[in-house]
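Trainee: Structure incoming, see below.
Throughout, read-outs are computed from the coordinates displayed, never taken from laboratory work. Here the structure is a predicted model, which is why all the values come from computation and not from measurement. No Cβ is skipped: glycine too gets one built from the backbone with ideal geometry, and neighbour counts run over all protein chains shown.
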Amino acid sequence: MEKFIQFRNKTFASLMVRNYKLYFIGQAISLSGTWMQQIAQGLLVLKLTNSGTMLGIITALQFLPILFLGPIGGVIADRFPKQKILYVTQTAAGILAIILGILVGTNLIQLWMVGVLAFCLGIVNLVDNPTRQTFAPEMVGKELLSNAITLNSWEINLARVIGPSIAGALAATVGLTMCFILNGISYIAVLIVLYMMNTKELQPAKISINKKGQLREGFAYVASSPVLRNTLVMMAIIGTLTYEFPVILPLVAQFSFHNLTAGYAELTAAMGIGAIIGGLFTASRKNTSTKKLIIASILFGVSMIIASIAPTLLLANAAMIFVGAASINFSSIGNVTLQLESLPAMRGRVMSLWTVAFLGSTPIGGPIIGWIGEHIGPRFGLGLGGLAALFAAGLGVVTLKKMNKKIPVSVEVASQQTEVQNPPKIL
């Protein structure tokens, strides 16, 4: 019993911070709505086109702004108070969801409208993602940062179970319209908890001064750090071909198991269940390292390959549980590594590059995986994602060997790091 209490306290430590607890509650509601819309949008595109390639293109449009303009979002996150930015981005995302719901409900929806709204949401996420990523340390501080980030990932995947389940039920009964409308309404919860926060308890990072060369400065900072550079490269590979679940899972459900609506919801929920279980153990850990990131990438790749060869939907769901556990392990370790390794003044720009690698790579990988899923087979698309994760792990091993040779850091970056008290030792 005592060990269980210790595990519980370690796992949910950051929820003892009032501001983070409020934020966690608001996100729980909003993220469930987000996953409802993710499922509904995929079903809508397949209903309109019955094309995996078009599904990949629409998904790509949502992340195209992040691919080309992602670092700008990081500059904005570093330049303005994050709480105020979130008021704007969360409101905008809610309005876009309601507009989509109205168009679907009035039968006015056309494919180009879905694409335009997806692109507009991508512009919002361009700023929203790095802002939310870097808001965590302002709420909980450096000591609880790892726990807060992992709990946030755990919460996202809990929503991955709840949202698709609700979306599947709504799609089968009242249609897709309510999925979009309810998602739009769910953003109100985030706005309420942002208003309820005690701003005096926040630990805001120093606001970056508006000056020329901030983008270039961010790229140079990342390039000077083998840890940051290696983590982002691994995420870029995996983000491009492995994290294409909104594209490949509907195709697997429709063409491999001939059960689009229920099958897609089941596969997504199964992945979420695995992530919930894996996230509980990941949240209880305080330390991270490049070696752990490599191991997580290997497990991610192996579980994806196993899922790709599962002969029945039941076995595929079982395999997706392991995919979900490996997925949250990899993403949490990568996220924590970047935030702990980065200086506070540079964190927004670093995390914007993480967003580019994680989400911005979708415009490249989405159409590729969609085309493979439609013309060669969904199982091949899923298996290719697994191979990409294994390749990223191999690249990480090679880079780690070079890092162990103690590659010197530039004098400028070394001098910057001396400003941080007790900088974390990642390796």
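Trainee: Quickly work out the Lys401-to-Leu48 label distance, labels modelled 7 Å from Cα along the C-beta direction, and quote it in nm with one decimal.
Mentor: Placing both labels 7 Å beyond Cα along the Cβ direction yields 4.9 nm.
Trainee: Where does the Debye-calculated log10 I(q)/I(0) of the stretch 57-179 sit at q = 0.23 Å⁻¹, using only Cα point scatterers of equal weight, no solvent?
Mentor: Here the Debye-derived log intensity ratios amount to -1.34.
Trainee: Given all pairs of different Cα atoms, what value in angstroms does the Kirkwood hydrodynamic radius of the stretch 215-366 take?
Mentor: For the stretch 215-366, inverting the mean 1/r across all distinct Cα pairs yields 16.2 Å.
Trainee: Taking only Cα atoms, what is the 0 to 90° angle, nearest 10, from helix 290-308's long axis to the longest principal axis of the chain?
Mentor: 10 degrees
Trainee: Cross-link list Lys21/Lys402; Lys47/Lys84; Lys10/Lys200; Lys47/Lys291; Lys84/Lys402: which exceed 32 angstrom alpha carbon to alpha carbon?
Mentor: Going by Cα-Cα distance, Lys21/Lys402; Lys47/Lys84; Lys47/Lys291; Lys84/Lys402 fall outside the 32 Å limit.
Trainee: Taking the chain as a Gaussian network, where each spring joins two C-alpha atoms under 10 Å apart, which residue of Met234, Met54, Met196 fluctuates the most?
Mentor: With Cα springs under 10 Å in the chain, the top fluctuation among Met234, Met54, Met196 is at Met196.
Trainee: At 0.36 nm per residue, minus the direct Cα-Cα distance, what do Leu315 and Ile98 gain on full extension? Give it in nm, one decimal, please.
Mentor: Gain in length upon complete extension: 74.5 nm.
Trainee: Using DSSP to call loops (not H, G, I, E or B), can you name the GluC sites (Glu not before Pro) in the stretch 92-193 whose Cβ has at most 15 other Cβ atoms within 10 angstrom?
Mentor: Within the stretch 92-193, the qualifying GluC sites (Glu not before Pro) (loop, at most 15 other Cβ atoms within 10 Å) are Glu143.
Trainee: Using only the Cα atoms of the chain, construct the convex hull and provide its projected area averaged over every direction, in square nanometres to one decimal.
Mentor: The orientation-averaged projected area of the Cα hull of the chain comes to 20.0 nm².
Trainee: Largest first and to the nearest Å, give the Cα extent of the stretch 12-55 along each principal axis.
Mentor: Principal-axis extents of the Cα atoms in the stretch 12-55, largest first: 48, 14, 11 Å.
Trainee: Specify the angular offset, from 0 to 90 degrees and rounded to the nearest 10, of the alpha carbon long axis of helix 82-105 from the longest principal axis of the alpha carbons in the chain.
Mentor: That works out to roughly 10 degrees.
Trainee: Compute the helix-to-body angle for 177-196: its Cα long axis versus the longest principal axis of the chain, expressed 0 to 90° and rounded to tens.
Mentor: 20 degrees
Trainee: Based solely on C-alpha atoms, express the radius of gyration and the Dmax of the stretch 1-95 in angstrom.
Mentor: Values for the stretch 1-95 (Cα only, Rg and Dmax): 18.9, 56 Å.
Trainee: Could I ask something else about it? For a quick check, take a GNM of the chain with Cα springs below 10 Å and name the residue from Ser186, Ser224, Ser308 with the largest mean-square fluctuation.
Mentor: Answer for the Gaussian network model of the chain: Ser224.
Trainee: So how much slack lies between Asn259 and Ile185, counting 0.36 nm per residue of separation and subtracting their Cα-Cα distance, in nm?
Mentor: Full extension from Asn259 to Ile185 adds 23.7 nm.
Trainee: How large is the Kirkwood hydrodynamic radius of the stretch 131-184, counting all unique pairs of alpha carbons, in Å?
Mentor: By the Kirkwood definition, the hydrodynamic radius is 13.1 Å.
Trainee: Once the convex hull of the C-alpha atoms of the stretch 79-141 is built, how many Å³ does it hold per residue, rounded to a whole number?
Mentor: Value for the stretch 79-141: 75 Å³ per residue.
Trainee: Could you give the length gained by full extension between Thr106 and Lys291, i.e. 0.36 nm per residue of separation minus their alpha carbon distance, to one decimal place?
Mentor: 61.4 nm
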